[in-house]
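In what follows, a structure is listed as structure tokens, so that the remarks can point back to it.
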Amino acid sequence: MALAYPPADWSDLTATLDAFAAVGKTATLWWRDDDATHPTAALDRLLTVAPEIPLALAVIPARAVPALAARIARARNVRVCQHGWNHWNHAPLGAPKAELGPERPTAYVVGELARGHMTLRALFPNMLAMLVPPHNRIAPAVAAALRGAGLTGLSTFNARKKTPPGIAQTNTHVDLMDWSTRRFAGEGVCLGALVGHLRARLEARVDADEPSGILTHHLAHDEDAWAFLQRVFTALGTHRAARFADPVEIFAAQK
């Protein structure tokens, strides 16, 4: 569940970035998109929204097709990472969805992840060795064993706290989607999450070194979500205190 920040508007975002600039700090950000499997019109649209911003594209190994690799090869800003194995829900009925929860033996789950890592590495030789758990949930025992699957990075949702030993972790903090309606979460909500995390970093209420992450799901976006994404990238890209970091840079810095 996302941390509850109050809604915000565009003037709040500008004021927060100005506050970073006033103390000589940079508001580092990063961008992650989930659930890629095939080349689609939605993926093409995603890759043209902000081709200058590095993008961590979380690909589902069991569903990925070679045509996706061919499409990604033409997009220089994309860094592929692993999105579970097959994105199946193994949680009990009524529980929050999770593929990598505690319901199955850890060794079995890690084995699936290792298979997924090899599958993606064959398609994307330069992929990041970073895992994005489906539904942003992962059992602690699985997280602690990720190196056994060839994975050295982890990204979920919400401000990071305790990270697994030997694993670099950087999360996302702004989800454009309201999953109860499968529609855009709303401008005020999304800006509130972004401004809230940025201010929390300035005030040292969360890890100040964790870049603020914007999470998108290209296959689920409605027109309002696409419009907001374009506008927020423009606002962030034109402010002197904001900088989008490359996922390669983010995760390498923690090793």
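The values are calculated or read from the model by the stated rules, or taken from the named source; none is laboratory data. The structure presented is a predicted model; accordingly, all values stated were derived computationally and were not measured. Cβ placement follows ideal geometry from the backbone for every residue including glycine, while neighbour counts extend to all protein chains displayed.
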Could you tell me whether PRO133 is closer than 30 Å to PHE228 by Cβ, touching a residue at least 40 places away in the same chain (Cβ under 8 Å), out of contact with any strand residue (DSSP E or B) (no Cβ under 7 Å at 6 or more places or on another chain) and not polar (S, T, N, Q)?
no
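Condition check ((1) over 20 Å from PHE20 (Cα atoms); (2) over 18 Å from the mean Cα position of the chain (by Cα); (3) not small (Gly, Ala, Ser)) across all residues:
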position	(1), (2), (3)
LEU176	yes, no, yes
GLY188	yes, yes, no
ALA193	no, no, no
GLY196	no, no, no
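Looking only at region 128-151, filter to residues that are assigned to a loop (DSSP other than H, G, I, E, B) and either of a type in the set (D, E, K, R) or surrounded by 18 or more Cβ atoms within 10 Å (Cβ to Cβ) (or both); which one of those is nearest to the chain's Cα centre (by Cα)?
At the first step, the residues of region 128-151 found to be assigned to a loop (DSSP other than H, G, I, E, B) are 128-129, 132-133, 137, 139, 145, 150-151.
Now drop any that are not either of a type in the set (D, E, K, R) or surrounded by 18 or more Cβ atoms within 10 Å (Cβ to Cβ) (or both), which leaves 128-129, 132-133, 137, 145, 151.
Working: LEU128: 13, ALA129: 14, VAL132: 7, PRO133: 10, ARG137: 13, ALA145: 21, LEU151: 16 Å.
Looking at residues that are assigned to a loop (DSSP other than H, G, I, E, B) and either of a type in the set (D, E, K, R) or surrounded by 18 or more Cβ atoms within 10 Å (Cβ to Cβ) (or both), I get VAL132.
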Could you tell me whether region 71-85 includes any residue that is at pLDDT 95 or above and either among the hydroxyl-bearing types (Ser, Thr, Tyr) or assigned to a helix (DSSP H, G or I) (or both)?
yes
Could you list, in sequence order, all residues of region 163-179 that are surrounded by fewer than 17 Cβ atoms within 10 Å (Cβ to Cβ) and either at pLDDT 95 or above or touching a strand residue (DSSP E or B) at 6+ places or on another chain (Cβ under 9 Å) (or both)?
THR163, ASP178, TRP179
Residue in region 11-28 that is under 16 Å from the mean Cα position of the chain (by Cα) and surrounded by 18 or more Cβ atoms within 10 Å (Cβ to Cβ) present
yes
Please enumerate the residues belonging to region 29-60 that are assigned to a strand (DSSP E or B) and either in contact with an Asp or Glu (Cβ under 9 Å, 6 or more places away or on another chain) or surrounded by fewer than 18 Cβ atoms within 10 Å (Cβ to Cβ) (or both).
TRP30, LEU55, ALA56, LEU57, ALA58, VAL59
Within the group ARG104, ARG183, which residue is among the basic types (Lys, Arg) and within 20 Å of ASP35 (Cα to Cα)?
ARG183
List, please: which pairs have Cβ atoms under 6 Å, are six or more places apart or on different chains, and start with a residue in region 27-39 that is in contact (Cβ under 8 Å) with a residue 40 or more places away in the chain and among the hydroxyl-bearing types (Ser, Thr, Tyr) and end with one that is assigned to a strand (DSSP E or B) and surrounded by fewer than 24 Cβ atoms within 10 Å (Cβ to Cβ)?
THR28/ARG243
State yes or no: is ALA227 in contact (Cβ under 8 Å) with a residue 40 or more places away in the chain and at negative phi?
no
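For (1) closer than 22 Å to TYR5 by Cβ; (2) free of Cβ contacts under 8 Å to residues at least 60 places away in the same chain, each residue gets a yes or a no:
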| site | (1), (2) |
| --- | --- |
| GLY148 | no, yes |
| PHE157 | yes, no |
| THR181 | yes, yes |
| GLU223 | no, yes |
